[in-house]
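Enquirer: Below is the structure I would like to discuss, written out as structure tokens.
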Amino acid sequence: MSFGKTLKNARIKKGLSLRRLGDMVNYPFSVLSEIENGNRNIPAENEALLQALTEVLDIDLAAAREEISVDAYSRKPIRLEQLFRKDENFAATFYRETEKMSDDEIIKMLTEAINKLGKGD
């Protein structure tokens, strides 16, 4: 389960509205809503928020951290998809050029490109 779903289920179980929860943890309810809906993750540097939420909602802190870590990793493909949607010509070129490549070949090509970025090439 994602942390957002865990958060929402625990909030509902406690009978709290998003506004009330936001007041209790001193955080905007609108951002909490985005977290619940999977549109945003808790920033890694906001440990205080995570601790407040887990305390108020009786959520296991270690399990919450694990869910947040998985959520952050799984959101990466969605970002790539959004980038392709921004530039249809680039997306079409990418798909055309990689159409006959295996998944392993595409991964290798992208890994090499990432490595070049890291080296400043």
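The values are calculated or read from the model by the stated rules, or taken from the named source; none is laboratory data. Since we're looking at a predicted model, the values are computed, not measured. Quick reminder, even Gly has a Cβ in these numbers, built from the backbone with ideal geometry, and neighbours come from all protein chains shown.
Enquirer: Confirm whether R96 is modelled with pLDDT of 80 or more, surrounded by 12 or more Cβ atoms within 10 Å (Cβ to Cβ) and in a helix (DSSP H, G or I).
Expert: no
Enquirer: Still on this model: Out of segment 1-17, which residues are part of a helix (DSSP H, G or I) and buried (at least 17 other Cβ atoms within 10 Å of the Cβ)? Steps first, please.
Expert: Step one: of segment 1-17, the residues part of a helix (DSSP H, G or I) are 3-13.
Correct list: F3, G4, T6, L7, K8, A10, R11.
Enquirer: Moving on to the next point. Got a number for residues in segment 30-76 being modelled with pLDDT of 90 or more, β-branched (V, I, T) and outside any helix (DSSP H, G or I)?
Expert: Final tally of qualifying residues: 1.
Enquirer: Let me ask something else. If only one of I42, I59 is crowded, with 17+ Cβ neighbours inside 10 Å and free of Cβ contacts under 8 Å to residues at least 40 places away in the same chain, which one is it? Walk me through it before giving the result.
Expert: Working: I59 fails: free of Cβ contacts under 8 Å to residues at least 40 places away in the same chain.
Answer to the selection: I42.
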